[in-house]
Each structure stands twice: as structure tokens, then as C-alpha cells.
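What follows is calculated from the coordinates using simple rules that are stated; it is not laboratory data. All values reported here derive from a predicted model rather than from experimental measurement. A quick note on method: Cβ atoms are made from the backbone with ideal geometry, for glycine too, and the neighbour counts reach across all protein chains shown.
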Amino acid sequence: MVTFVELLKKGNKSSGIAALANTVLAIIKGIAAMISGSGTMMATTLHSVADATNQAFVFIGSAIAEKTPTRKFPTGFGRVVNLFVLIAVIVISIMSYETLIKGWELIQHPKESGNFWLNVLVLSAAVALDGLVLVKAMKEIVHETRSEAKGMAIVSSAFKNVRLAAPPTRLVFYEDIIATLGALLALGAVILSKTTGLLFLDGVGTLLIGLMLFGIAIKIGFENTIGLIGVAAPKAIEDRVAATILADPDIDDIKQMRIIQEGRRYHIEGYIELKRGFTLAVADDIKFRVRDKLLTDPDIGDVTIGILETDGIKDWKPAPEE
């Protein structure tokens, strides 16, 4: 029986690293916020607390999702990670609300924060650390989507292929974009409020961070709700599976196929048409050969296929571009 510790080792690396990094950031920012009294610093502290909590939840969820299927749960536990991400969305939403309230309060009743250089130092460190976690998430997206991007091409590849990445990796990617931008925004607000004397800018920065948190909560919440219901695989995955099947010399066509995403894995059901003249025993061998070839793909959880003799009519047509 697989132990919980062994499952944790299989958890999503990006979310685990991000949880640790944001825990450190939350502690540092929290100390700086208490010393300086900066509203923007408090907002970005709450953001880091939300990120650390979410990513810890998601890391545990991604580990549980790796449990092998059981008699009671024959399709496995892949969707558990979507559920944990939705719990994380609730945390983000609460933090967003608190941040918006704090920002509006600071706009109505602006006050000067102290320890200017402490704020600048902490926020600069936050930009650097959040940026490193974001780069790690981009590299993970490139790895999961089998992109061959190198160097600066990783950035464009990550944005292009993020929808094909595992739910935990997508969460870390989106959250750390907001975290990095939020830290930059907070840094700008602190500097501008100090140099211009416009103290309400501290509240404006806090308000904008709250709005970004709210926006990312909606986006992540929507993506994981449809994932929890059960969503069809993206066109790129469908095309890859179809190409693998049709590459077999004894396969004439795909009669029908359905691919459902379960967490980070895909479940395939369908009927394939064989060329004429095979005995039942040989046809079975071909079916198992195709199934085994599909299962070598680490993104595919299980395959259920039936076999038919070709009717001479081409049924399989690639899905239209998304």
C-alpha cells in the first residue's frame, strides 16, 4: 500500500516549491507591514498568505490525485486536484475581498507609512523571488506540454500552452503572474506615495492588487469547475492520440473517440476500424497493441477501445481549431 509520504513525492513540484517560497515571503512581508504600517505592504502580505495556502492545498491535492484506481473509484482520483484548486479559489476570493476593503479604507483615510527603505527592500526581494517561481512554473509548463522551447522562447511557449498543463501548474503560473505584478505594483505605490506626497496612492495600489486577485479567482474557478464536471481534451491532445492510432499499419479509420480530462490525465474511449481480412485473434492482438502504445504516453490514464471491420467510409475528422 502506498504511504502518504510516497504520494507527496509524486505531488506537483511547481505548487510545492511555490508554497514554500510564498510562506517565506508572507512572513517577511508581514513583519515589514507591521513595522511600517503600509497598506500596500499588508495587501501584498495577504496575497502571499493566500498563495502559500492555495499552493499547499493544491500540492496535497495533486499528490492524492496520483493514487491508483480502486474498485470503488475505477477511473482514479484525478479530479480531486480540481476540487482542491476550487478550495484554493475560495481562499483567494476571501483575500481579494479583504484587500479591496483595506484599499478603499486607505483611499478614504490615507496615512503615511514609515520605514520606506525597508518596504522597498522587502518588495524588491518579493519581485525577485516571485519572478523565480514564475520562471519555474513556465519551465514546468514547457515540460508538461512537451514543448522544445529554450531560453526566452520559454515565455511565449508557456503562455501559448498553459491550457494544456496540469491544473496545479496552471494555478501556480496564474497566481505568480499576479504575485509578481502585485509586488511591482506595491513597490511603485510605496515609492510614488513617498516621493509625491500623494498618500492615497498607497490605497490605490492596494485596491488594484485586490482586483487582480478577484480576476484570477474567477478565471481559475471557471477552469476547475468545468474540469470537475468533466471536460473534453484539448484539440492538441486529441490530434496526438489520433495520430498514434492511425500510425498503426493495420488501422484503417477511427469510427468514434471520446477523450475526457481527469486532473492531469486523459481517459480514452472509442472504436477503431481495422482493415479487412483479420481473424478475431489477430484483431484482438492489434487492439491490445494500439492500447499498449497509447498507454506509454504518461498523460494517458486508461484506454478502452472496441474494434470493427472497416466500412470503407472515412469517419474520423480532426476537431476544428479552438
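The listed peptides 11-22, 223-234, ordered by packing as a protection proxy, come out as 11-22, 223-234 (highest mean of other Cβ atoms within 10 Å first).
The Cα atoms of region 235-309 define a convex hull whose projected area, averaged across directions, is 4.5 nm². Close amide H contacts of residue 253 (hydrogens built in the peptide plane, cut-off under 5 Å, sequence separation of 5 or more or a different chain): 273.
Normalised by the residues of the chain, what does the relative contact order come to in percent, with Cα pairs under 8 Å and at least six apart?
Relative contact order here is 19 percent.
Take the chain, drop everything but the C-alpha atoms, weight them equally and run the Debye formula without solvent; then report log10 I(q)/I(0) at 0.13 Å⁻¹ to two decimals. The Debye formula, applied to the Cα set alone, gives -0.93. The value for region 187-322 of Rg(Cα) / (2.2 N^0.38 Å) is 1.77. Sorting the segments 171-177, 124-130, 186-192 by their residues' average number of neighbouring beta-carbon atoms within 10 angstrom, most packed first, yields 171-177, 186-192, 124-130. Placing unit charges on each Cβ (+1 for Lys and Arg, -1 for Asp and Glu) gives region 5-84 a dipole about its Cα centre, and among 70, 34, 15 the Cα reaching farthest toward its positive end belongs to 70.
Can you give me the span-like helices of the chain, meaning DSSP H runs with 20 Å or more of Cα extent along the axis and Kyte-Doolittle mean at or above 0.0? Intermediate results must be reported in sequence, preceding the final value.
Working: long enough: 13-36 (34 Å, 1.33); 39-64 (38 Å, 0.80); 80-108 (43 Å, 1.62); 116-144 (42 Å, 1.29); 167-196 (42 Å, 1.01); 200-229 (44 Å, 1.60); 280-295 (22 Å, 0.21).
Within the chain the helices that satisfy the rule are 13-36, 39-64, 80-108, 116-144, 167-196, 200-229, 280-295.
From the helices alone, meaning DSSP H stretches of at least four residues, give me the mean residue ellipticity at 222 nm for the chain, per-run term -39500 (n - 2.57), in deg cm²/dmol to the nearest 500.
Working: 10 runs with 211 residues, N = 322.
After summing the helix terms and dividing by the residues of the chain, the value is -22500 deg cm²/dmol.
The simple spin-label model puts a point 7 Å past each Cα toward its Cβ; for residue 280 and residue 222 those points are separated by 5.1 nm. Given +1 at the Cβ of Lys and Arg, -1 at the Cβ of Asp and Glu and no other charges, the dipole of the chain around its Cα centre is 520 debye to the nearest 20.
Exceedance of the 21 Å cut-off in Cα-Cα distance is limited, within the set 139/293; 13/136; 10/139, to 139/293.
Between residue 314 and residue 121, what's the calculated FRET efficiency when r is the beta-carbon distance and R0 is 56 Å? Round to 0.05.
Numbers: r = 65 Å, r/R0 = 1.17.
The calculated FRET efficiency here is 0.30.
When the expected Rg is taken as 2.2 N^0.38 Å, what fraction or multiple of it is the alpha-carbon Rg of region 112-177?
1.40
In order along region 307-316, phi translates into HN-Hα couplings of 10, 9, 7, 4, 9, x, 10, 6, 9, 7 Hz, rounded to whole numbers, per the Karplus curve 6.51 cos²θ - 1.76 cosθ + 1.60 with θ = phi - 60° and x for Gly and Pro.
Provide the packing ranking of 240-248, 47-55, 132-140, i.e. peptides ordered by the mean count of other C-beta atoms within 10 Å per residue, highest first.
47-55, 132-140, 240-248
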